[in-house]
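For reference, the structure discussed in these notes is given below.
The values are calculated or read from the model by the stated rules, or taken from the named source; none is laboratory data. Please read these numbers as outputs of a predicted model, since none were measured by experiment. Cβ atoms come from the backbone with ideal geometry, glycine included; neighbour counts cover every protein chain shown. Note: areas computed on protein heavy atoms with side chains; ligands, DNA, RNA excluded. Shrake-Rupley method; radii C 1.70, N 1.55, O 1.52, S 1.80 Å.
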Amino acid sequence: MKISSLQLHSIAIADPPLRSSYGLHAPWALRTIVELRTDDGITGVSETYGGDAPRAALERAREHVIGMDPFRLAGFLQYLNRGRTSGGDRSQTWLVPGENPLDQNNRTFAAVEIACLDIIGKAVGKPVCDLLGGRVRDRVPFSAYLFYKHVGGGGDGQYEDRYGEVLSAKTAVRECRDMVDEYGFKEVKLKAGVLEPAVEIETLRELRAEFGPRVPLRIDPNCAWSVDTSVHVGESLREALSGGGYLEDPCPSLEGMSEVRRRLLENGIEVPLASNVAVTGFGDVPKARDLQAVQIVLSDPHYWGGLRQVQYLSHLCEVLGLGMSMHSNSHLGVSLMAMAHVAAACPLLTHACDTHYPWQTEKDEIVEGGRIRFQEGAVAIPDKPGLGVELNRDQLARGCERYEKIPFRKRDDEAEMRKHVDPNWKRVLPRW
Ligand code: GKR
Ligand code: MG
């Protein structure tokens, strides 16, 4: 079997004005849908970061991908990394996920690997998770991912603004209630680093009061806090984060997080620290462990180099005595299914995975049959071969049309913040 065609579909999907310490989400999020076809007529798909740079990197790989046997993937990673020197800052401290050029090979490989696994699954009649050694769970738990936001549903103004403005503790609790009632999530994450720490502390406490100790909470300011502020927040949230919660990337650098952890432990506070900003590759994991900077590593097939790499990461975390969960970015159903398949096949998955999926809408979904359903906060692994999804051609074409109409080709939350909220806004770390 050989790959005979590679098609790239750049799409735009409506995204509400969500806030984070990176800035503001643009009205459209960009994604690339990768479609591979084999000489015997099997098609495989994947979804990855959007815009010019990821597409150009996939274009550069075309020469190697065409003619490649989809079963022979290891050589492709070698090919991408030929002549590459290690080093450089691959963290997501300063660049939003998907924008660090040093990580592009992993992202390119992941996009091709996932589409190849979809092909292989269809060829042998097995779901992708069962190609990865087999599932250890049939249903993959995801968490409610709360954002502070401005009014608006994103896109061209024709999208429903389901949650309205959320810039206070009270409105965040309302947002959470709505999401939990609709999707049945059993864990909750708050994207923080947006409002004064006192308001974000209040938000977590109110969430705890509303949902009780059986719903673990996590808070992620994407490095917006100094070490002192992180320690203060950790102390203030001792109770709210107990019982399976965590503090995610409170401040920049592994060294900073190590100090936060040490000072919290000295005060008898056990809250674990998680990271997707400082730990983005295998080389970071032993250091994070040795410094006791990170107790939970956030995987993500899109930039850790695909599904198998996430499985290796799960194993490594287990060996090193760390926990593992999964990071996300704005995405549609193809990504959701790739995340679900690999999470189903990871023996170690200590916390529900993140997902931005509730922030996107049926109107933009490109998989046949509409949006993937959550049952009790989990995605069930379908019995179909491969990823278990097919592309809806009309919806895909609409996504491509939207992409052609919009004026930007990369995610730039800082620029959006300056355009819509504060003309002088800059990403300052730590902000508080
Ligand atoms: O969507 O604004 C966002 C998030 O801040 C996202 O880009 C982060 O990568 O979800 C992410 C995280 O956990 O850091
Ligand atoms: Mg994070």
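Observations on the structure shown:
- Identity of the residue in the stretch 327-356, within 16 Å of ligand 2 (Cβ to nearest atom) and not in a loop (DSSP other than H, G, I, E, B), that ends up farthest from Leu132 (Cα to Cα): Cys353
- Number of positions in the stretch 397-414 that are part of a helix (DSSP H, G or I) and closer than 17 Å to Tyr49 by Cβ: 5
- Of all residues in the stretch 184-197, one or more are at pLDDT 95 or above, closer than 13 Å to Ser143 by Cα and over 19 Å from the mean Cα position of the chain (by Cα).
- Members of the stretch 285-305 found to be more than 15 Å from ligand 1 (Cβ to nearest atom) and either of a type outside the set (S, T, N, Q) or at pLDDT below 95 (or both), listed by number: Val285, Pro286, Lys287, Ala288, Arg289, Asp290, Leu291, Ala293, Gly305
- Any hit, the stretch 68-79, residues being open to solvent by 10 Å² or more (accessible area, probe 1.4 Å), modelled with pLDDT under 95, of a type in the set (Asp, Glu) and part of a loop (DSSP other than H, G, I, E, B): no
- Selection of the stretch 195-213 for residues being touching a residue at least 40 places away in the same chain (Cβ under 8 Å), away from ligand 1 (no atom under 16 Å from the Cβ) and not in a helix (DSSP H, G or I) yields only Glu196.
- With respect to the conditions (1) open to solvent by less than 10 Å² (accessible area, probe 1.4 Å); (2) out of contact with any Asp or Glu (no Cβ under 6 Å at 6 or more places or on another chain), Ile33 lacks only one, and its number is (2).
- Checked across the stretch 350-369, the condition of being out of contact with any Lys or Arg (no Cβ under 6 Å at 6 or more places or on another chain), free of Cβ contacts under 8 Å to residues at least 40 places away in the same chain, open to solvent by 50 Å² or more (accessible area, probe 1.4 Å) and farther than 21 Å from Val188 by Cα holds for at least one residue.
- Of the numbered criteria (1) within 19 Å of Leu254 (Cα to Cα); (2) not in a loop (DSSP other than H, G, I, E, B), the one Ser91 fails is (2).
- Residues that are within 15 Å of ligand 1 (Cβ to nearest atom) and open to solvent by less than 50 Å² (accessible area, probe 1.4 Å) within the stretch 397-423 comprise Asp413, Ala415, Glu416, Met417, listed in sequence order.
- Among the residues making up the stretch 113-162, those that are closer than 20 Å to Asp220 by Cα and either within 16 Å of ligand 2 (Cβ to nearest atom) or in contact with a helix residue (DSSP H, G or I) (Cβ under 6 Å, 6 or more places away or on another chain) (or both) are Phe142, Ser143, Ala144, Tyr145, Leu146, Phe147, Tyr148.
- For the stretch 365-413, filtering for residues that are within 13 Å of Ser10 (Cα to Cα) and more than 18 Å from the chain's Cα centre (by Cα) leaves 15.
- Hits in the stretch 7-18 - residues which are touching a strand residue (DSSP E or B) at 6+ places or on another chain (Cβ under 6 Å) and either within 16 Å of ligand 2 (Cβ to nearest atom) or in contact (Cβ under 8 Å) with a residue 60 or more places away in the chain (or both): His9, Ser10, Ile11, Ala12, Ile13, Asp15, Pro16, Pro17, Leu18
- Checking Ala12 against (1) touching a helix residue (DSSP H, G or I) at 6+ places or on another chain (Cβ under 6 Å); (2) assigned to a helix (DSSP H, G or I); (3) of a type outside the set (S, T, N, Q); (4) open to solvent by less than 40 Å² (accessible area, probe 1.4 Å), the condition it does not meet: (2)
- Test: residue in the stretch 322-344 that is away from ligand 1 (no atom under 16 Å from the Cβ), without any contact (Cβ under 8 Å) to a residue 12 or more places away in the chain and open to solvent by 10 Å² or more (accessible area, probe 1.4 Å): no
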